[in-house]
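Everything below concerns the one structure shown next.
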Amino acid sequence: MRIVLLGAPGSGKGTQARQLVEHFGVVQISTGDLLRQAVADNTELGQKAKKAMDNGELVSDDIVLSMIKDRLQQPDTDNGVILDGFPRNLAQAKALEELMADIKCPLDAAVLLDVPLDSLMQRLTGRLTCQDCGAVFNKYTNPPRKDGICDECGGKLIQRGDDNETTVRQRLETFTEQTEPLIDFYKKQNKLISIDGTQDIDTISAEFKDVLKRFG
Ligand code: AMP
C-alpha cells in the first residue's frame, strides 16, 4: 500500500495515519515529524528548515525531497507507506511520481481528509501532542483525562510551537495556495478518495480502513 494523506493542517491526518499503521502494518512517514526531529537535534538540515517552519511556510523542496528519498529507501517501507504531510505542492507531487516510478511502486491513492478551513483554528490552537507516542488531544474538544498527561502512554503533552494563532493563519494560507491544487492533480489521475473529516474520529477511521483495504 502506497498512500498519500492530503488535508489541511489540523484535519486529523496524523491521528488517522497512526491508526492505519497499526491496522495495516505499514509505516507512516510524516515530513513534519522528520523536520521537527531535525530541528530538535539541531542538525544542519534542521537549522535550514526552522525559520520556514516557525513562519508557517513550506521548507524548501530540496530539503524535503532529499529527506523523503532517504526515508523511502529504508527497508521498513517494503510493506507499504502512508505519506503524511507530503507532498505539499505540485513540484513535490511530480517528484514523488518520479521517485515511485524509479522504484516501480506507483502510488495507489491520495486520500483527502476534507474539513472546512474555518473550523481549523480552534483545532490547531487547542492541540496538545504527546512528546513520547505522538497521540493528539485538544484542550477544548478532546481534553486528556489528566492535565498535561497522555491518556495512552503517560507521556508529557506539549503544544507545538507553530500551533499559535499567527502561525496557524499562515499555515492555512500556505495550504490554500500551495497544497490545495494537489486535489485536482490527483483527481485527474483518478487517484483521489475523499473522506468527510468533520465526522467523529472512529467513523473516519472505519471509512479509511474500508476504502484502503483493497490496497492492503
Ligand atoms: P506538519 O507537521 O505536517 O503540519 O508540518 C509542520 C511544518 O513543517 C510545516 O508548516 C512546514 O513548515 C514543514 N513541512 C512539513 N512537511 C513539509 C513538506 N512536505 N514540504 C515543505 N514543508 C513541510
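The values are calculated or read from the model by the stated rules, or taken from the named source; none is laboratory data. All figures in this text were calculated on a predicted structure; none of them were measured in a lab. FYI the Cβ positions are ideal-geometry reconstructions off the backbone, even for glycines, and counts take in every protein chain you see. Just so you know, the surface numbers come from the protein's heavy atoms only, side chains and all, with ligands and any DNA or RNA stripped out. Shrake-Rupley method; radii C 1.70, N 1.55, O 1.52, S 1.80 Å.
State yes or no: is Glu177 within 16 Å of the ligand (Cβ to nearest atom), free of Cβ contacts under 8 Å to residues at least 12 places away in the same chain and open to solvent by 70 Å² or more (accessible area, probe 1.4 Å)? First the steps, then the outcome.
Details: within 16 Å of the ligand (Cβ to nearest atom): yes; free of Cβ contacts under 8 Å to residues at least 12 places away in the same chain: yes; open to solvent by 70 Å² or more (accessible area, probe 1.4 Å): yes.
Considered against the rule, which asks whether it is within 16 Å of the ligand (Cβ to nearest atom), free of Cβ contacts under 8 Å to residues at least 12 places away in the same chain and open to solvent by 70 Å² or more (accessible area, probe 1.4 Å), Glu177 comes out as yes.
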>> Give all pairs with beta carbons closer than 6 Å in which a residue from the stretch 76-102 that is within 17 Å of Gly7 (Cα to Cα) meets a residue that is of a type in the set (S, T, N, Q) and within 15 Å of the ligand (Cβ to nearest atom); count only pairs at least 6 apart in sequence or on separate chains.
In response: Ile82/Gln28; Asp84/Gln28; Asp84/Ser30; Gly85/Ser30; Gly85/Thr31; Phe86/Thr31; Arg88/Thr179; Asn89/Gln178
> Looking at (1) near the ligand (Cβ under 9 Å from one of its atoms); (2) open to solvent by less than 60 Å² (accessible area, probe 1.4 Å), which is the one condition that is false for Arg36?
Replying inline: (2)
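Give the residues of the stretch 52-72 that are in contact (Cβ under 8 Å) with a residue 40 or more places away in the chain, within 9 Å of the ligand (Cβ to nearest atom) and open to solvent by less than 60 Å² (accessible area, probe 1.4 Å), sorted by residue number.
Applying the first criterion (in contact (Cβ under 8 Å) with a residue 40 or more places away in the chain) to the stretch 52-72 yields 53-58, 71-72.
Filter again for within 9 Å of the ligand (Cβ to nearest atom), leaving 53-58.
Scanning the stretch 52-72 gives Met53, Gly56, Leu58.
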>> Residues that are at negative phi, of a type in the set (A, V, I, L, M, F, W, C) and open to solvent by 60 Å² or more (accessible area, probe 1.4 Å): does the stretch 188-201 have at least one?
In response: yes
> Which number in (1) within 10 Å of the ligand (Cβ to nearest atom); (2) part of a helix (DSSP H, G or I); (3) touching a residue at least 40 places away in the same chain (Cβ under 8 Å); (4) closer than 30 Å to Asp210 by Cβ marks the one condition that Gly10 misses?
Replying inline: (2)
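Against the definition (surrounded by fewer than 16 Cβ atoms within 10 Å (Cβ to Cβ) and free of Cβ contacts under 8 Å to residues at least 12 places away in the same chain), how does Lys213 come out, yes or no? Let's see the steps before the verdict.
Values: surrounded by fewer than 16 Cβ atoms within 10 Å (Cβ to Cβ): yes; free of Cβ contacts under 8 Å to residues at least 12 places away in the same chain: yes.
Answer is yes for this residue.
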> What number goes with the only condition from (1) closer than 16 Å to Ala109 by Cα; (2) in contact with a Ser or Thr (Cβ under 7 Å, 6 or more places away or on another chain) that Phe215 does not pass?
Replying inline: (2)
